[in-house]
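Student: Below is the structure I would like to discuss, written out as structure tokens.
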Amino acid sequence: MSDLKPLEKVLPSHLDNIEKMLFKDGEMRRPLIIDEKYNVVLDGSHRYAFLVKYGFKYAPVISVQYDDESIFVGNHLKHRFLKDENFVISKSEVIYRGLNEKLFDARTTRHFFPFRKIDHSVLLRDLVQGSEKDISYLLQNISIEEEILKDMNYISEIDDELAVLSSYIQEQEDVKKYLSYQIEEMKNSCN
């Protein structure tokens, strides 16, 4: 844990909910995703804050080579598929902020990896809990109403991403239909 560097602040109410879930389950299901060179936390800021707050010695992590071109960062979920004028965050800014403790606001970055984020459960007791620590530097100064708005905006991002996926699906359905038509035409010309 002492080697890890945060990238973003966290939402206090969201952190409270994560704390309840983690202590209730007694395990952390998703590892943090970190840059292997600098140990910047790319994914899992709230879980990271939980681990720091409760003085855990270890964290479950997946280390990635952040300079790999298949990993990229955006500031909106649709940036997984489309780049637009709002695509304003770079990997170099991510590393700079992580190394210099200039934390982004909560939920600013969206990291996209060439793998699915799947569960890999680790028991909290195996992470060796220590004494509780002050994490005020990690907490976003935000009201409940503003947190709700951030969550609503994130849901809107998910809807936008689903719309992009739906258009890709329709595009592939059209190609499939066209190719099926071509196959039938070729079969008919052979008869």
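Student: Does a label point 7 Å from the Cα of residue 38, set along Cα-to-beta-carbon, have any residues of segment 61-77 with amide nitrogen under 18 Å, and which are they?
Tutor: Zone members listed by number: 62-75.
Student: How big is Rg to Rh over segment 9-103, alpha-carbon atoms, Rh as the Kirkwood inverse-mean-distance radius?
Tutor: Value, to two decimals: 0.99.
Student: Taking 0.36 nm per intervening residue step and subtracting the Cα-Cα distance, what contour gain separates residue 169 from residue 121 on full extension?
Tutor: Fully extending the segment from residue 169 to residue 121 adds 14.0 nm.
Student: Can I ask one more? Once amide H atoms are built 1.01 Å from N in the peptide plane, which residues 5 or more positions from residue 10, or in another chain, come under 5 Å H to H?
Tutor: 139, 140
Student: Please compute the length gained on full extension between residue 92 and residue 186, using 0.36 nm multiplied by the number of residues separating them and subtracting their Cα-Cα distance.
Tutor: Full-extension gain reported as 28.6 nm.
Student: Return, for the Cα atoms of segment 113-182, the radius of gyration and Dmax in Å, separated by a comma.
Tutor: Gyration radius and largest Cα-Cα distance of segment 113-182: 21.9, 68 Å.
Student: Pairs of lysines 8 or more apart, or on different chains, with alpha carbons under 16 Å: count those in segment 12-141, would you? Spell out each step's value before the answer.
Tutor: Numbers: 20/53; 37/91; 53/133; 57/133; 83/91; 91/102.
Going through segment 12-141 pair by pair, I get 6.
Bear in mind these aren't lab numbers, they're just calculated from the coordinates by the rules spelled out. This structure is a prediction, so every number in the text was calculated from the model and none was measured. A quick note on method: Cβ atoms are made from the backbone with ideal geometry, for glycine too, and the neighbour counts reach across all protein chains shown.
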